Amino acid sequence: MSDSIREVSDSRYAAHLLAARPELAAELADPAPFTRAEMAAALEDTGPEKGQDGEAALMRRLRRLRQRVLLRVMARDLGGLAGLEEVCGTMSDLAELSIAAALPDPELIVVAMGKLGGRELNVSSDIDLVLVHPGGMEAQPRYEDAGRRLIRVLSSVTGDGHVFRVDMRLRPYGDSGPLACSFDFLETYFITQGREWERYAWIKARAITGDPRHEELYRLVRPFVFRKYLDYATLGAMRQLHAEVRRDVARRELAGHVKLGPGGIREIEFVVQALQLARAGRDPELTARPTLRVLTLLGGRNLLPARAVEELGAAYVFLRNVEHRLQYLDDAQRHDLPQDAEDRLRLARMCKFTDWDAFYSVLEKHRQAVSRHFDAVLAESKQEAQPWPEHPRLAALRASQRYAALPDESRRRLDALIPPLARATHAAPDPEAALARSIDLVEAIASRAAYLALLAEHPQALERVVRIVGASSWAAEFITRHPVLLDELLDDRLLYAPPELDAFARQLRAQLAAHADDRERRLVLLRELHQAQVFRLLAQDLAGLLTVERLADHLSALADLVLEMTIAAAWDELPRRHASGPPRFAVVAYGKLGGKELGYASDLDIVFLYDDPHEQAPEVYARLAVRLQSWITTRTSAGVLFETDLQLRPSGASGLMVSSVEAFERYQERDAWVWEHQALTRARYSAGDAAVGSAFESIRERILRRKRDPADLAARIVEMRDKLHAAHPNRSGLFDLKHDRGGMVDVEFSVQYLVLAFSHQYPDLTRNLGNIALLGMAAGLGLIPAALAERVRNAYREFRRLQHALRLNGAQYARAPAAEVAQHVAAVQELWRLIFSRTP
């Protein structure tokens, strides 16, 4: 007896087949993978093309091919030569080729559902199909005839058995619906009749015939299955569906069922597909079909812990292998563990265990792990309903028409949320403010079942959101305006992880590419993904993990990246352009972005430049600048990306929106005011073509290093400072950290003077290092006293810290009691007097 024959000896099906067809023993001599090409060759029709004889010959070829495939797959699997992926892939190839061979109408789209849709077909599985056609009602009979012929050829039992049992119950209206349906019929059904369990059923749907119309079909299916928002409300529906399965399992006494029983294959699929349904509408990569592939993606996104991914993956492979070995026994669609001692031993041997007890012990460990992770994701917390705490705002909410108008499920969730929300506010520094802000948020999302579900499903997220809104009124307003950010609160590891801009860039690029034909969706995605990154920085800021300087660095780098992506998106949709490659166009940043001191709500002071000699370049880049400005500032359901200020471009508001590098250089050399050169000290290349950015940097350095008359320069800067001070009167009795004498503007103007006055001697002063670093450099060069420079550096740090804290809590102006900052103001004023004392 050969080794391969010995490997399949525990299969009664293999023994009967080899007895009936001894020539098949050759399949086991050296069992190589059964390739798709080999299957296709075996199905080539050499008999009559038409009529019953042709159909009978095809049925015989299909069934005899299946016997060969199953025998060789079994030998390779049990002999340790094939893994789960090969076994399922080979059976899926057989099903797809069999369907193609049996289908008389190539226009009919056969949609594979379930295991075949995911190319995860069992060795003795049914195939779940839906038939869709592109025609109208007049063509319906033809397509239904083709469908009946397909089912007959595949599932009729002959002397050679069957090819695949075909299950059509997942089609619209099930057994009472038409065997084949049109696109219009399917779309109408999804809109008017589609139920939650059908979203789950269609999650792996894959068209395997009718190639030219596949994308048209998917455009109907995707919005039904995958919502555009974070759909945590679906967890309740999945939980209900699983409860029905559990009840059926209990009724039929299927506790030992490796598919439907506790800790079985279905629970792994429920975990994976519940998270897919909740999130894949916003993350297209999660629409992948194979279970193990999606499981890996969920782990990579921190949506499942690494241990859960590892244990669920190992359990899935083990349970699917057990499933196959159960089916190898008699080529039956079987999932229940045997009660017979001999069959138990056969199964244990096929799974490479010496006895049943050893096998069953490992099986139970896997099932317990599955149940544990299933409960972590889908088990509903059994909290008893509690009364709402006494509070005027809560009483007003409960008495409001908005509360009364909520659907019963939303009202139930809100009733469950309010007591723990109120308790969480007790730990806030200002419990009353935390409760008020939390109620504002709840009122904003009360009609959004998905967000209520998210907080109901994740109590830890509720605690985090209360902690964050309690710490900052600006944060509370930010979340209330953008409740999609609540999803960021699910995992501390992701929320507080250091920013990874490369990973964010890959995610953003993939998302934009996935919606290349939907501009509005891309605008929203750009804003939402940027807001998610800002929110993570906000959470880390409020947790004390970031200094103001480090936060500004992160926000500035993020803005640069987003501008880079936005230039590419705007260029791609430009209808007429003279070049096929990337644009020779760049964004130059001034002000806070230029100095890498960006705040959460800072405007972007930017200038657009190009360097392209083509005669159409001015027109094309003008249109690109307009389109780019639209991408940045258009208000969508997710708000705007940034507010921008283009006033610093050559000639200001009266100048062109975009300038050539040559024109920009000419303007800076001949026409720019001193205040424009002051602004240039904080300017830098931000995004776009690096060569254009390099040309700008060369112009900037040359302009800044120009030799200037110190007295004239000082007079002009003082004049501009006086105008700025007059434009920001302060009658509050508090010290304005930015605009009052001795504040941040004085520090910035002092540094700008030092750069413009001394860069011709000390070129390093032109480096865009920020005010604090440049003060230190000026001291090192002997331009200002080192001790005074250090005092002013500390003053500037403290002013920025106070300004940041005030803005986080909603202050309209950055103002503080004068006594608290007196020593810092004195240091800045001393520097000002030292620098500008010779000014007339």
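Potential lengthening of the chain between ALA819 and SER155 amounts to 230.2 nm, from the contour at 0.36 nm per residue minus the alpha-carbon distance. The alpha carbon centroids of region 693-745 and region 93-114 are separated by 73 Å.
How would you rank 578-587, 169-178, highest first, on the average number of other Cβ atoms within 10 Å across their residues?
Most protected by this proxy first, the peptides run 578-587, 169-178.
Between GLU85 and GLU662, what FRET efficiency follows from the Cβ-Cβ distance if R0 is 41 Å, with the result rounded to 0.05? So, using R0 = 41 Å, E works out to roughly 0.10. Between the alpha-carbon centers of region 329-400 and region 63-77, tell me the distance in whole angstrom. Rounded to whole Å, the Cα centres lie 33 Å apart. Scalar couplings 3J(HN,Hα) for region 458-468, obtained by applying the Karplus form with A = 6.51, B = -1.76, C = 1.60 to θ = phi - 60°, are 9, x, 5, 5, 4, 5, 5, 5, 5, 4, 6 Hz; x denotes Gly and Pro.
Run the helix sum for the chain: -39,500 (n - 2.57) per DSSP H stretch of 4+ residues, divided by residue count, reported at 222 nm to the nearest 500 deg cm²/dmol.
-18500 deg cm²/dmol, from helical runs alone.
Note on ALA579 and ARG219: the extension gain reaches 126.4 nm, defined as 0.36 nm multiplied by sequence separation minus the Cα-Cα distance. Probing with 1.4 Å while keeping every protein chain in the model, the per residue accessible area of region 631-709 equals 46 Å². Within the accessible area of the chain, the carbon and sulfur atoms contribute 52%, probe 1.4 Å, all protein chains present. Summing Lys and Arg as +1 and Asp and Glu as -1 over all other residues whose Cβ lies under 13 Å from the Cβ of LEU414 gives a net charge of +2. The stretch between SER698 and ARG21, if pulled fully straight at 0.36 nm per residue, gains 235.4 nm over its current Cα-Cα span. Over all other residues within a Cβ to Cβ distance under 12 Å of GLU96, the charged ones net out to +2, with Lys and Arg as +1 and Asp and Glu as -1.
Specify the angular offset, from 0 to 90 degrees and rounded to the nearest 10, of the alpha carbon long axis of helix 356-378 from the longest principal axis of the alpha carbons in the chain. Here the helix axis deviates by roughly 40 degrees. Here is the result for region 295-368: no trypsin sites (Lys or Arg not before Pro) lie in DSSP coil with at most 10 other C-beta atoms within 10 angstrom of their C-beta. Can you tell me the orientation of helix 771-780 relative to the chain, as the angle in degrees between its alpha-carbon axis and the longest Cα principal axis, to the nearest 10? Around 50 degrees separate the two axes. A simple count of charges around GLY776, restricted to other residues whose Cβ falls under 10 Å of its Cβ and scoring Lys, Arg +1 and Asp, Glu -1, yields 0.
Students often get this wrong, so try it: which of (1) 186; (2) 230; (3) 177 is volume of the Cα convex hull per residue in Å³ as calculated from the structure shown? Structure-derived value, by its label: (2). Near the amide H of LEU121, within less than 5 Å, lie the amide hydrogens of SER92, all on another chain or at least 5 residues away, with H placed in the peptide plane. Label reach from ASP430 (point 7 Å along Cα→C-beta): in region 449-470, amide nitrogens under 20 Å belong to 464-470. Phi angles across region 583-595 convert, under the Karplus curve 6.51 cos²θ - 1.76 cosθ + 1.60 with θ = phi - 60°, into 3J(HN,Hα) values of x, 8, 8, 9, 9, 9, 9, 10, x, 5, 5, x, x Hz, Gly and Pro given as x. The H on the amide N of SER182, modeled in the peptide plane, is under 5 Å from the matching H of HIS133, each at least 5 residues off or on a different chain.
Each peptide in 592-603, 151-162, 695-706 gets a packing score, the mean of other Cβ atoms within 10 Å over its residues, and the list from highest to lowest is 592-603, 695-706, 151-162. Rounded to the nearest 10 degrees, the inclination of helix 431-445 to the longest alpha-carbon principal axis of the chain is 50 degrees. Taking amide H positions as modeled 1.01 Å from N, with prolines and chain starts lacking one, no residue 5 or more places away or on another chain lies under 5 Å from LYS228. In the context of the full set of protein chains, residues of region 321-414 present 57 Å² of accessible surface per residue (probe radius 1.4 Å, heavy atoms only). One Cα centroid belongs to region 504-537, the other to region 658-684; the line between them spans 33 Å. The mean accessible area for residues of region 148-230, using a 1.4 Å probe and ignoring ligands and nucleic acids, is 48 Å² per residue. Remark: region 64-70, residue by residue, has Karplus-estimated 3J(HN,Hα) of 5, 5, 4, 4, 5, 4, 5 Hz, where x stands for each Gly or Pro and the curve is 6.51 cos²θ - 1.76 cosθ + 1.60 at θ = phi - 60°. In terms of distances greater than 25 angstrom between alpha carbons, the cross-link table entries LYS204/LYS352; LYS204/LYS228; LYS707/LYS738 yield LYS204/LYS352; LYS707/LYS738.
The values are calculated or read from the model by the stated rules, or taken from the named source; none is laboratory data. Everything numeric in this text was worked out from a predicted model, so none of it was measured. Please note: Cβ atoms are built from the backbone with ideal geometry, for glycine as well, and neighbour counts cover all protein chains shown. Surface areas here come from the heavy atoms of the whole protein model, side chains and all, with no ligands, DNA or RNA. Shrake-Rupley method; radii C 1.70, N 1.55, O 1.52, S 1.80 Å.
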